[in-house]
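Please read the structure below before turning to the comments.
The values are calculated or read from the model by the stated rules, or taken from the named source; none is laboratory data. Everything quoted here is computed from the prediction, not taken from an experiment. So basically every Cβ, Gly included, is an ideal-geometry build from the backbone, and we count neighbours across all protein chains shown. The accessibility values were calculated without ligands, DNA or RNA, using every heavy atom of the protein model including side chains. Shrake-Rupley method; radii C 1.70, N 1.55, O 1.52, S 1.80 Å.
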Amino acid sequence: MFGSSPLRVPVGHDASRWSTFRSERTLVVAARTVTSTVRILESLPAVLDGDGRVTVVFAHDPTSAFNAGVLDLLHQAGCRVMPWEQLAEISPDLILTASENIEVPEGDCPVLVLPHGVGFQKQVPDSRSTGERLSGVVPDALLEAGRAWLAVSHPAQEQQLLAAHPKTAGHTVLVGDPCLDELLVSRPRRTAYRTAMGLTAQHRLVLVSSTWGPTSLLGRHPELPARLLAELPWDEYRVAAVVHPNVWAAHGAWQLRTVLGDAVPGGLVLVPPVHAWRSALVAADVVIGDHGSVTLYGAAAGAPVLLGAFGRDSVAGTAVADLAARAPRLDPAGDLRGQIEDAVRSHSSLRYAAVAERAFAAHGQALARLRRVVYHLLRLPEPDAAAPSVRSVPVADPPGAEVTSWLVTTALAADDGEPVVGVCRFPAVLGTPAAATETPVRFAHLACADDERDSRLTESASVVLRRRPADRTVEAVRWISETLARLPGCLMTAAAVRGGGVLVGLRDGRMVEAVVTGPPVDAGLPAAVVYACLRGGVDVDGAVVTMRVGDRGREEDVALRLRPVPPGEPGP
């Protein structure tokens with residue numbers, strides 16, 4: 001198994017024979033959990049950038065209940081990893097970690113502990129006993145030896161630690177919070193993060209944030225993501241979930257997706273547990289969270305916040321407790337959309353300013369302060385290069401999950417005698433929304449993309465949509481004909497033509513061409529307009545219909561005309 005034998009380069013007993021770089025100091029990163037390891041990987045490169053005087057190796061501590069994924073993370077980052085037991089055989093100049101619960105070997109090298117969240121705000125199970133301990137505080141032995149240094153993001157945390165653990169006196173250093181600095185400087189790039197997530201200006205992104213443990217949001221309400229997706233119209237909302245890496249490590253991705261049920265096929269963007277949560281948080285329009293750090297980061301970055309849970313394991317008198325006193329509570333059994341819209345409508349960007357001031361200090365200075373502390377403990381002068389600047393977070397890869405079927409409701413009305421069709425779509429796997437009840441002017445239908453994997457949905461669909469635009473009209477017509485022949489229960493099919501409009505093929509052989517004003521839309525929207533017109537008795541040949549998507553005012557004109565099938569083109 002990897003790590004079972006000692007690492008020879010760059011810290012083995014004869015490493016000097018094999019090393020290319022001649023360093024002066026050795027810094028060992030203690031990697032114990034994914035959460036704590038990510039914090040180091042996100043901060044340390046900027047601190048040591050361009051300085052070959054410091055050799056960095058990562059020591060993998062496998063003793064955590066949440067150690068799954070740490071080695072994979074280190075290997076993907078290209079880190080040199082040594083087994084934990086080898087740490088006792090070398091003489092590092094500094095041990096750096098964001099996990100306070102480590103057993104470092106005896107010696108005199110200092111240990112710098114960075115927070116892996118925001119401050120010291122949670123009671124967690126103590127692996128050394130059956131009780132609990134304050135998250136973020138190192139064992140007493142390290143404090144008594146004078147080797148431990150705890151980085152804090154605000155002077156109030158120094159006072160909190162002094163009251164709870166007097167042995168921390170004189171061993172805290174005010175650094176600030178590199179993660180918050182990055183979030184704040186990333187806000188001007190918000191559109192780029194939203195575009196990468198498949199969002200348009202018409203979408204509101206609801207970000208569900210859950211810490212780990214039974215009192216977390218998912219611990220109490222695992223059904224909430226699916227309920228949000230079932231109640232929020234697809235063309236107006238998207239839902240993403242940031243789940244604490246400890247949940248992924250303890251239960252595995254398979255179990256997490258299983259517990260979430262239809263939420264993932266229903267369109268939930270399950271944000272990867274390593275780096276991508278930061279860009280998702282910047283992109284969010286509202287955060288539904290709990291007592292975890294991501295919720296507090298969202299509030300500090302100016303987002304509206306709803307608390308869906310708040311655990312007893314949170315610590316009174318901290319910034320997150322202040323957030324609990326100010327943020328509205330979500331009623332998971334209530335009208336979710338109404339609560340979200342109320343939170344957005346009533347929000348002020350300064351609403352949580354006092355909470356942020358209690359949690360974070362030294363804005364924009366965290367990396368510079370961290371570099372100063374690291375070089376001081378390494379007993380090296382800082383590099384001549386300017387202090388590291390704050391960089392915006394990387395744009396994450398596009399989400400992998402796509403919705404492939406929708407329950408579509410359409411409402412037919414008139415404006416100065418001209419037809420108006422309101423369209424609202426919901427992921428079909430999440431069940432029938434209340435709005436699907438039909439009336440003489442309100443209709444409902446099931447629409448499926450041609451890559452829907454559930455044959456029951458495809459065979460029951462009234463409308464089938466081609467996912468990929470056709471390059472030529474003849475290609476679209478052929479696909480329409482073949483699809484109607486293959487699915488006898490289908491009433492309509494629709495395919496966009498690249499550079500043109502959308503062709504809608506009807507079961508009775510007619511072909512309707514729909515041209516939509518404004519930015520491109522997927523074929524499902526004009527198909528829904530055609531469906532409503534046909535159900536409502538509107539003549540589609542030459543009609544210009546106002547299409548209203550959702551309730552937030554987006555309107556486009558849709559020009560409809562019956563299109564003859566040219567000779568040589570197959571008919572539906």
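Would you check if there is a residue in the stretch 192-199 being closer than 28 Å to Gly213 by Cα, open to solvent by less than 10 Å² (accessible area, probe 1.4 Å) and at pLDDT 90 or above? No. The helices (runs of 4 or more DSSP H) located wholly in the stretch 307-372 that include 2 or more residues which are more than 25 Å from Gly117 (Cα to Cα) and open to solvent by 20 Å² or more (accessible area, probe 1.4 Å) occupy 336-345.
Test of understanding: among Ala436, Ala470, Ala414, which residue is in contact with a strand residue (DSSP E or B) (Cβ under 8 Å, 6 or more places away or on another chain), over 23 Å from Glu231 (Cβ atoms) and open to solvent by less than 30 Å² (accessible area, probe 1.4 Å)? I'd like the intermediate steps shown before the answer.
Details: Ala436 fails: over 23 Å from Glu231 (Cβ atoms); Ala414 fails: open to solvent by less than 30 Å² (accessible area, probe 1.4 Å).
Answer to the check: Ala470.
The residues on offer are Glu89, Glu85, Glu100, and the sole one that is closer than 20 Å to Trp212 by Cβ and either in contact (Cβ under 8 Å) with a residue 12 or more places away in the chain or surrounded by fewer than 17 Cβ atoms within 10 Å (Cβ to Cβ) (or both) is Glu100. Given the residues Val274, Val282, Val294, Val287, which is the only one that is hydrophobic (A, V, I, L, M, F, W, C) and in a loop (DSSP other than H, G, I, E, B)? Of Val274, Val282, Val294, Val287, the one residue that is hydrophobic (A, V, I, L, M, F, W, C) and in a loop (DSSP other than H, G, I, E, B) is Val274.
Would you mind stating whether Arg189 is of a type in the set (Lys, Arg) and touching a Leu at 6+ places or on another chain (Cβ under 9 Å)? Don't jump to the end; show me each part of the working.
Details: of a type in the set (Lys, Arg): yes; touching a Leu at 6+ places or on another chain (Cβ under 9 Å): no.
Against the criterion (of a type in the set (Lys, Arg) and touching a Leu at 6+ places or on another chain (Cβ under 9 Å)), Arg189 does not qualify.
How many residues does the stretch 68-102 contain that are of a type in the set (D, E, K, R) and part of a strand (DSSP E or B)? First the steps, then the outcome.
Initial filter on the stretch 68-102 (of a type in the set (D, E, K, R)): 72, 80, 85, 89, 93, 100.
From the residues that got through so far, the ones that are part of a strand (DSSP E or B) too are none.
Of the residues in that region, 0 qualify.
Does Arg278 count as farther than 25 Å from Ala434 by Cα, charged (D, E, K, R) and either in contact (Cβ under 8 Å) with a residue 60 or more places away in the chain or touching a Pro at 6+ places or on another chain (Cβ under 7 Å) (or both)? In short, yes. Residues in the stretch 108-147 that are out of contact with any Lys or Arg (no Cβ under 9 Å at 6 or more places or on another chain) and assigned to a strand (DSSP E or B): Leu112, Val113, Lys122, Glu132, Arg133.
If only one of Val242, Val173 is touching a residue at least 40 places away in the same chain (Cβ under 8 Å), closer than 24 Å to Val70 by Cα, in contact with a strand residue (DSSP E or B) (Cβ under 6 Å, 6 or more places away or on another chain) and open to solvent by less than 40 Å² (accessible area, probe 1.4 Å), which one is it?
Numbers: Val173 fails: closer than 24 Å to Val70 by Cα.
Only one candidate passes the filter, namely Val242.
Condition check for Arg204 on (1) open to solvent by 40 Å² or more (accessible area, probe 1.4 Å); (2) at pLDDT below 95: one failure, at (2). In the stretch 282-301, the residues that are within 15 Å of Val393 (Cβ to Cβ) reach residues that are open to solvent by less than 10 Å² (accessible area, probe 1.4 Å) and of a type in the set (S, T, N, Q) with C-beta atoms within less than 6 angstrom, at least six apart or across chains, in these pairs: Val282/Ser186; Val294/Ser209. Going by the structure shown, is Ala151 in contact with a Leu (Cβ under 6 Å, 6 or more places away or on another chain) and either on the phi > 0 side of the Ramachandran plot or touching a residue at least 12 places away in the same chain (Cβ under 8 Å) (or both)? Criteria met by Ala151. Taking residues in the stretch 50-62 that are farther than 14 Å from Ser91 by Cβ and open to solvent by less than 40 Å² (accessible area, probe 1.4 Å), and partners anywhere that are of a type in the set (S, T, N, Q) and assigned to a strand (DSSP E or B), the pairs with Cβ atoms closer than 9 Å and at least 6 places apart or on different chains are Val54/Thr26; Asp61/Thr97. For the condition crowded, with 23+ Cβ neighbours inside 10 Å, more than 25 Å from Arg312 (Cα to Cα) and in contact (Cβ under 8 Å) with a residue 12 or more places away in the chain, Ala263 qualifies.
Out of the stretch 129-144, which residues are among the small types (Gly, Ala, Ser) and either buried (at least 22 other Cβ atoms within 10 Å of the Cβ) or without any contact (Cβ under 8 Å) to a residue 24 or more places away in the chain (or both)? Working first, answer last.
Going through the stretch 129-144, the residues among the small types (Gly, Ala, Ser) turn out to be 129, 131, 135-136, 141.
Within the stretch 129-144, Ser129, Gly131, Gly136, Ala141 qualify.
Kindly indicate the residue of the stretch 189-202 that is free of Cβ contacts under 8 Å to residues at least 60 places away in the same chain and over 14 Å from the mean Cα position of the chain (by Cα) and also farthest from Ala65 (Cα to Cα) among those meeting that condition.
Filtering the stretch 189-202 down to residues free of Cβ contacts under 8 Å to residues at least 60 places away in the same chain leaves 191, 195, 201.
Okay, now just the ones that are also over 14 Å from the mean Cα position of the chain (by Cα), so 191, 201.
Values: Thr191: 38, Ala201: 42 Å.
Per the criteria, the residue is Ala201.
Contact map, the stretch 17-38: first residue farther than 30 Å from Ala249 by Cα, second residue part of a helix (DSSP H, G or I), Cβ cut-off under 6 Å, separation 6 or more or different chains; pairs are Arg25/Leu378.
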